[in-house]
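To keep things clear, I will list the structure first and then write my remarks on it.
A short reminder: the numbers here are calculations on the coordinates, not readings from a lab. Computed from a prediction, not measured in an experiment: that's the story for all the values here. Because the Cβ atoms are built from the backbone with ideal geometry, glycine has one as well, and the counts that use them run over all protein chains shown.
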Amino acid sequence: MKHVFNRRDFMKVSGGAVAVLTLSRCSVGGGTAPAMGQFSGGNIADYALGDVMRFDAGPFFVGYDDNGLYAMSAVCTHAGCTVNPGAVSLNCPCHGTTFDLNGDVTGGPAPRALDHYAVTIDDIGDITVDTEQVVSSSTRTPVT
């Protein structure tokens, strides 16, 4: 018996293909939505001026420059892959986007800079990053 490939069969096959492609696109490079909430960024005693450290809890980076502490997402704005720290840049392993140490795009397909988050430092120097509160990329928390 010969099977005729009709419109209903086409819709079943093409719908399944779309689902597979969509799911595989979401998992490129482990791309997932960042966790939301408040997370520890360590203690200020662990930082030296110029440091940028990645924390997987968010995932996010905490940086320390002349103006203070700042935090930014470690999720690439292109396909949701986790960005890795480098000596002078942040690098997305999936499609080659590079960001400067403030999260601005310096090359590759990412359409925009990394989101920055609110940072607080308590009386004993413990750092909290609030990934639910997006702030300007120029926002810094002074280190006293």
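With an 8 Å Cα cut-off and a minimum separation of 6 or more residues, compute the relative contact order for segment 52-112 in percent. 22 percent. Here each label is just a point 7 Å from Cα along the line to Cβ, and for residue 89 and residue 53 those points are 2.5 nm apart. What the phi angles of segment 106-121 give under the Karplus curve with 6.51, -1.76 and 1.60, with θ = phi - 60°, is a coupling list of 10, x, x, x, 4, x, 7, 5, 6, 5, 9, 10, 5, 10, 10, 10 Hz, glycine and proline written as x.
Ordering 121, 110, 86 by the projection of their Cα atoms onto the charge dipole of segment 32-135, which places +1 on the Cβ of Lys and Arg and -1 on the Cβ of Asp and Glu, puts 110 at the extreme positive end. Per-residue Karplus couplings for segment 90-99, computed as 6.51 cos²θ - 1.76 cosθ + 1.60 with θ equal to phi - 60°, are listed in order as 10, 10, 8, x, 7, 9, x, 5, 10, 10 Hz, Gly and Pro entered as x.
Between residue 35 and residue 136, full extension at 0.36 nm per residue minus the direct alpha carbon distance yields a gain of 34.4 nm. Shown for segment 42-144 is the translational diffusion coefficient from the Stokes-Einstein equation, using the Kirkwood radius over Cα pairs, a temperature of 10 °C and a viscosity of 1.306 mPa s: 117 µm²/s. The phi torsions of segment 80-86, fed into the Karplus equation with coefficients 6.51, -1.76 and 1.60 and a -60° offset, translate into couplings of x, 6, 7, 7, 9, x, x Hz, rounded to whole numbers, with Gly and Pro shown as x. Rounded to the nearest 20 debye, the dipole magnitude of segment 32-135 is 480 debye, with +1 charges on Lys and Arg beta carbons, -1 on Asp and Glu beta carbons, and the Cα centre as origin.
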